[in-house]
Amino acid sequence: MDTRMRKRPSQGRSRVTVTSILEAADRILRTDGYEAASTNRVARVAGFSVGSLYQYFRDKQAIVGALIDRDLSVEAEQINGALDQPTRRTPGELAGEAFGLMLTRRVARMHLYRTLDAHAPELGAGPLLEHLCAAQAPVLAETLHRVCAQVLPRSSRSIDARMFVLSRLATSVSFAYAVDAPAGVAQASLRDEFASAIERFLDGKPPGPSAVTLVVGWAKGVGVATPLAEQRGRRRREARGVLLARGVAADLLEPRAFLLAGIAEVALAAQNSPHGATPEDLLHEASRFVEALEA
């Protein structure tokens, strides 16, 4: 987001002032929502005049954008710490821990993610999921590369493709979970299914025709006028139908459908953005993850 702040009088004082402004905005968003977070009210809650606020932020959108990006950076540091420890954990256990941490934090901070979902264009955060990934890349990219190089099979068709599929899926699913608060999908069950699917994904089983067809269909995208919440709901219904047809057990159906629907975001991104892997590699690895969820 374009969250550039105005020039400030002194570094020490400005840091305290900016923190106070952001924390005031956070409280207002949590209790009263985005529409209530005017610059006048944020300044009042922070204990400053609105003129003082304008020394640091040009408008309400800059304040909220800076708050969200600060939150994403803190989250990335926490995930980085979880991944960057010496470990004897399996790849699934490691991925499950990092994903569980992301889920827990985003649910606790859902007021920010719902604000971002509803007001992304106004905040200058589009495409939305690209922004989430880009905001965390400076902290996470190096660690993700190192961990993936350690745990992925040496015969991997493309480490970059697999890393992108897993990181993008974790980002899109945790975001959707915080924003949509789905009934019938417990956090723990979603985390555990993600971890177990990682283990099956890394076994190297090639995707079947139904998995490839689903991913290719999602990669074609939808009309730009379709609201994001509607797109997510439709994909979850499609995912549920696919898993029912494959005979997935009832107690696994909802968390797996939620994960499977997240593959749509991977497929859409594979078509347009360079990620160190070809679109064909990305779609192939996304299809392999679908196969792991259908098992």
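The residues packed around V185, meaning those with a beta-carbon under 15 Å from its beta-carbon, carry a net charge of +3 if Lys and Arg are +1 and Asp and Glu are -1. At a probe radius of 1.4 angstrom, the accessible area of the range 243-295 per residue rounds to 35 square angstrom. Spatially, the range 198-212 and the range 241-295 are offset by 9 Å when compared through their Cα centroids. Shown are E130, E75, whose ranking by accessible area with a 1.4 Å probe and every protein chain present, most to least, is E130, E75. The peptide list 279-285, 201-207, put in order of mean Cβ contacts within 10 Å with the highest first, becomes 279-285, 201-207.
How much length would be gained if the chain were fully extended between E93 and T31, taking 0.36 nm per residue of separation minus their Cα-Cα distance, in nm to one decimal?
Full extension from E93 to T31 adds 18.8 nm.
Rounded, prolate or oblate: pick one for the range 182-258, where a ≥ b ≥ c are the square roots of the eigenvalues of its C-alpha gyration tensor, a/c under 1.5 means rounded, and failing that, prolate if a/b is larger than b/c, else oblate. Oblate shape, in that a/c is at least 1.5 and b/c is the bigger or equal ratio. For the peptides 184-192, 62-70, 96-104, 261-269, the ranking by packing is 261-269, 62-70, 96-104, 184-192, with the highest mean count of neighbouring Cβ atoms within 10 Å listed first.
Relative to the longest principal axis of the Cα atoms of the chain, the long axis of helix 110-123 makes an angle of roughly 80 degrees. Taking every DSSP helix (H) stretch of at least 4 residues in the chain, weighting each as -39,500 (n - 2.57) and dividing the sum by the residue count yields a mean residue ellipticity at 222 nm of -24500 deg cm²/dmol.
For Y177, the accessible area of its heavy atoms, probed at 1.4 Å with every protein chain present, is near 30 square angstrom. With the highest mean first, a sort of the peptides 194-200, 37-43 on other beta-carbon atoms found within 10 angstrom per residue produces 194-200, 37-43.
Residues I159, I21, sorted by accessible area with the largest first, give I159, I21 [1.4 Å probe; ligands and nucleic acids excluded]. How tilted is helix 159-180 with respect to the longest principal axis of the chain? Cα atoms for both, answer in degrees (0 to 90, nearest 10). So the inclination is approximately 60 degrees. For the range 248-253, 3J(HN,Hα) computed residue by residue from phi via the Karplus equation (6.51, -1.76, 1.60; θ = phi - 60°) reads 5, 4, 4, 6, 9, 4 Hz, glycine and proline entered as x. Quick check: at a probe of 1.4 Å, how many percent of the accessible area of the chain sits on carbon and sulfur atoms? Accessible surface attributable to carbon and sulfur in the chain totals 54 percent.
The values are calculated or read from the model by the stated rules, or taken from the named source; none is laboratory data. Quick caveat, the model's predicted, so the values are computed rather than measured. Note that we place each Cβ from the backbone using ideal geometry, even for glycine, and neighbour counts take in every protein chain shown. Side chains are part of the model used for accessible areas, which takes the heavy atoms of the whole protein and leaves out ligands, DNA and RNA. Shrake-Rupley method; radii C 1.70, N 1.55, O 1.52, S 1.80 Å.
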